[in-house]
Structure formats: C-alpha cells, structure tokens
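J.: Here it is: the structure, laid out below.
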Amino acid sequence: MIKNMIAIFSRYGSVFMLGLWHTVWLSVVSVLLAAILGIFIALAKMSKFRVLSSIASCYIEVIRGTPMLLQLYFFWLALPKVFPDISDIVCILIALVVNASAYVAEIIRAGIQAVDPGQREAAVSLGMTEQKIMRRIIFPQAIKNILPALGNEVIVMIKQTSLASTFFIGELMTAYKKVQSTTFLALEPLSIVGLIYLFLTVTLSRLTRRLELRLRANER
Amino acid sequence: MSDKGNYVIKVQDLRKEYNGLQVLKGVDFEIDRGEVVTILGPSGCGKSTLLRCMNMLEKPDGGNVFFEGTDLTALKPAQIIQYRRKIGMVFQHFNVFPHLTALENITIAPVENGMLTKEIAEQKALALLERIGLADKKDEYPTRLSGGQKQRLAIVRSLIMEPDVMLFDEPTSALDPEMVMEVLDVMRELAASGMTIVVVTHEMGFAREVSDRVLFMYDGNILEEGTPEEVFDHTRTERARDFFRKVINA
C-alpha cells in the first residue's frame, strides 16, 4: 500500500497540490471575509437596540443550528436563481463565509467581553465617546483574545471545506475523487489526502500557539 | 433646576438599588470647592456606589446629582460625557490601559477627545510623569510597573484633563502595604494644591490627617458627618464606634 501511495503521489502530485491550494485559499479567504462580517454581527448582537441584537442572535442560531452541507446546498441552489451567471465556486465561497461568520461573530463577542470591564469604566470616566472607547481601548485588547481563536477557526474551515467536494470545486477531497476515479484505487489517495490535511492542521495549530504566546508576551 | 452655589458636586436624596436590594436609601450631601471629603464605612454600605453615581458611572434610581449647577441625572448619555471630563476618577484596581505605554495612557483621552493636540498632550504628560517621579518610565507598558506606580499613573491620567474634582474609589486597597505610602503622598500633594477630592478609603490615618470632612456610611445612609475630630473623637453612633474599633485594631 505504501508503495502504491508513493507511486500515486509521484504520478498525480500536481492534482493533490492543486487540491491543497484550493483548500487553503478557500479556508483562509472565507475566514478573513467572515471576520469582517463577524465584527458587524458581533456588534449587532451586543447592541442595546433589541431589534438589532435579536436579528444577530437569530442569524447565529440558524447558521450554527443547521448542517454545513445543507447550507452549501442551499446557497449553491439559491444563488444562481438570483444571479444566473454566478459560478459554483463563488456560491460555495459565499456559503463558507456565511457559515464561518456566525462562529467568528461569537469568537469576536467573547473576545470583547473578556476585556476587563474596568477598562471601559476608566475610559468612560475620562469622558471618551463610546466609539473611541471601542476603537482605542476595548478592541486593541480584545484582538489578543480573538486572533488565536481565528487561527483555530481556519483549522476548522480546512476540514469543513472537504464538504464542498460534493460540488466538485477542486479542493483536496475533490482531488481524491479525481485520482480515485482514474486509478480505481481508493484507500491510497484517501490516505495521501488525509496526511496532507494532518500536515496542514498540525502546522497551523503550532503557528496559532506561537502567535498566542507572542501576543501575551507584552502584557500581564 | 439649577443653582450655582459654592459646591462642586451636590447629591440630593440619591437612591440606587440592585435587584431589589436598596444600596443607597436617599443620600444628601455636597462637596465645596477645594474641600477634601473622606467616605468611610463597612463594605457593602454603599460608599463605592455613591462615588460611582457622582460621575454617572452608575445611573441612580432616584434623586439628583448636581455638578456645578447642572443636574446630571436629567442629561442624556451623550451630554454627560462633557461633564465626566471635569470629574476625574481613580479606581481600586487602577484600570490603566495595558496595551498603551505610560505616556500614551495619559495622552489618549485628551487627544481622542479633541481637547489637546498630541504635542501639547505629550508635553503635559511628561510634566505629570515628572511630578510623580515616573518620567523614566514613560515608554514602559504597565506590566513593567509596580502596583503603586500604576496607581500613580492612573491619578495623573485623570489630572491631565484638569478636572474640577477627583474621586478616589479605595485607591490603596489593592496595593501591597509598602506601596500605599507613595500613592497617599501623591494624594496629599494633590489635596495641598487645592484640588477638590472625594475619597472612599479604609486608611484612617490619611482620613484624619488630610480630610476637611469625614462621612460615615452605614447601610445606604450617611450616619455621621463632620470634621475628622468630630467623627473620630466624638463619635455619636454606636455603629460608627464599633466600625472604628474594628478597623483601628485590625
């Protein structure tokens, strides 16, 4: 089997590498876009305006309470009805961003709420406006809680993108399907893809850990 | 309602409750310009809440808080911001900003509030750091400062706003004993410079030596009020006598 794996990898290496590339960019881009969207959802959820915070809560509940695969199907089917020219990959990317945004919003909210309330009180007592307090006092401290958790979210996304192979969009699991259908060997390409996933996630979690330690070095 | 007396802050029939528990039961008093007032009392008596109502960090449930003739309880949140800039506050746990250097801790509020340019704010901040003996620490982050240094930094962070009154909420309670003195010294100097000061504290020596007036609070009310001699040496209520005995013998 190991011999077969080496043979397959040397023959179809470029297919796997292309799959790796698609998996990485899909995960990173979707988490980055989700982070931007997530900030607004988190702020909405913490808002004192009831309507706004209920809408945000609802959004988070719906996204976290339904399967990712269902969401992928939903956007893949629904978006082309509104935008006929939209490509599969854009539909999938949007679905991934929407899915990640709900989780990222909770990460951001938790990060903001973990900042010592005394920090806000001090800033309030100095007569700073709500907006400045958020931008200059709370957020710079919250980001130290948020960034490592975002790293973890990228790791989760790397694994989640495998579901997108249902739509044959070229990430790692699609690479597996391609190689499997040409060679009629299943376990070997599957193991190769598994090793690539493992390499990705282990490397990333190490990096996340280092980032976390560096961010904390300055304080406390 | 507006009356401009000699007072800086006047509190009228102030009431506050948390979850049905009455913490302030109608407190009345005023602080005159240049006066140093100490608020004493057992924990949970409402003294910190009273202080925090004075700059509307806590919203009172009843009564009024006048600041130089303006009823703060009648204002919208956006309007209160202007007045808070004139009311400095120092917290038990310092609440210095950990992501900013000592200098930036002092300059951030006046600069972000658009009250001073960055250059002038830095000049003033340097002079203030000089005054508390921390000029050489200007570029240090608060992690590198001791508790006493952090609290002194927190005091000048408020002073740069040139407040009309300074509120101190147990400023030495979280400090190691050997650092209490350096913070009290800064407060003493501040009092001598004519600043109007309200302090919630357990430092009886400081209260006796520096205050013009002492308030003893118990269970949401002011039980005793007078000069340090009146309150400490001619204590009228058994509750206050009991409290002083415990604190002084501790």
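J.: Going through the stretch B:21-49 one residue at a time, which ones are within 14 Å of another protein chain (Cβ to nearest Cβ) and either of a type in the set (Val, Ile, Thr) or surrounded by fewer than 17 Cβ atoms within 10 Å (Cβ to Cβ) (or both)?
T.: B:Thr49
J.: Right, here's the next one. Could you check A:Ala122 against (1) assigned to a helix (DSSP H, G or I); (2) out of contact with any strand residue (DSSP E or B) (no Cβ under 8 Å at 6 or more places or on another chain); (3) buried (at least 20 other Cβ atoms within 10 Å of the Cβ) and say which number it fails?
T.: Evaluating A:Ala122 over (1) assigned to a helix (DSSP H, G or I); (2) out of contact with any strand residue (DSSP E or B) (no Cβ under 8 Å at 6 or more places or on another chain); (3) buried (at least 20 other Cβ atoms within 10 Å of the Cβ) leaves (2) as the failure.
J.: Would you be able to say whether some residue in the stretch A:146-168 is within 30 Å of A:Met1 (Cβ to Cβ) and in contact with a Gly (Cβ under 8 Å, 6 or more places away or on another chain)?
T.: no
J.: Cβ contacts < 6 Å: first residue facing chain B (nearest Cβ under 7 Å) and at positive phi, restricted to the stretch A:117-132; second residue basic (Lys, Arg) and surrounded by 15 or more Cβ atoms within 10 Å (Cβ to Cβ), any location; separation 6+ or different chain. Result?
T.: A:Gly127/B:Arg84; A:Gly127/B:Arg85
J.: In the list A:Ile146, A:Ile196, A:Ile192, A:Ile155, which residue meets the criterion of being of a type in the set (A, V, I, L, M, F, W, C), within 14 Å of chain B (Cβ to nearest Cβ), crowded, with 17+ Cβ neighbours inside 10 Å and in a helix (DSSP H, G or I)?
T.: Just a single option satisfies the conditions, and that option is A:Ile146.
J.: Still on this structure: Output the number of the condition that B:Gln92 fails; it satisfies all remaining conditions of (1) closer than 28 Å to B:Arg188 by Cβ; (2) modelled with pLDDT of 95 or more; (3) surrounded by fewer than 16 Cβ atoms within 10 Å (Cβ to Cβ).
T.: (3)
J.: I'm told A:Ile108 meets every condition in (1) touching a helix residue (DSSP H, G or I) at 6+ places or on another chain (Cβ under 9 Å); (2) modelled with pLDDT of 95 or more; (3) within 12 Å of chain B (Cβ to nearest Cβ) except one. Can you identify the failing condition by its number?
T.: Looking at each condition in turn, A:Ile108 falls short on (3).
J.: Can you list the helices (runs of 4 or more DSSP H) lying wholly within the stretch A:1-93 that have 3 or more residues being within 24 Å of A:Phe199 (Cβ to Cβ) and free of Cβ contacts under 8 Å to residues at least 40 places away in the same chain?
T.: Here the list reads A:2-46.
J.: For the stretch B:50-81, name all the residues that are within 13 Å of chain A (Cβ to nearest Cβ), under 15 Å from A:Ser125 (Cβ atoms) and not in a loop (DSSP other than H, G, I, E, B).
T.: B:Leu51, B:Arg52, B:Cys53, B:Met54, B:Phe67, B:Leu72, B:Pro77, B:Ile80, B:Ile81
J.: May I ask you to list the residues in the stretch B:83-124 that are away from chain A (no Cβ under 13 Å) and either among the basic types (Lys, Arg) or in a helix (DSSP H, G or I) (or both)?
T.: Once the filter is applied, which keeps residues that are away from chain A (no Cβ under 13 Å) and either among the basic types (Lys, Arg) or in a helix (DSSP H, G or I) (or both), the stretch B:83-124 yields B:Ala102, B:Leu103, B:Lys118, B:Glu119, B:Ile120, B:Glu122, B:Gln123, B:Lys124.
The values are calculated or read from the model by the stated rules, or taken from the named source; none is laboratory data. Being a predicted model, the structure only gives us computed values, none of them experimental. Don't worry about glycine lacking a Cβ; one is built from the backbone with ideal geometry, like all the others, and counts go over all protein chains shown.
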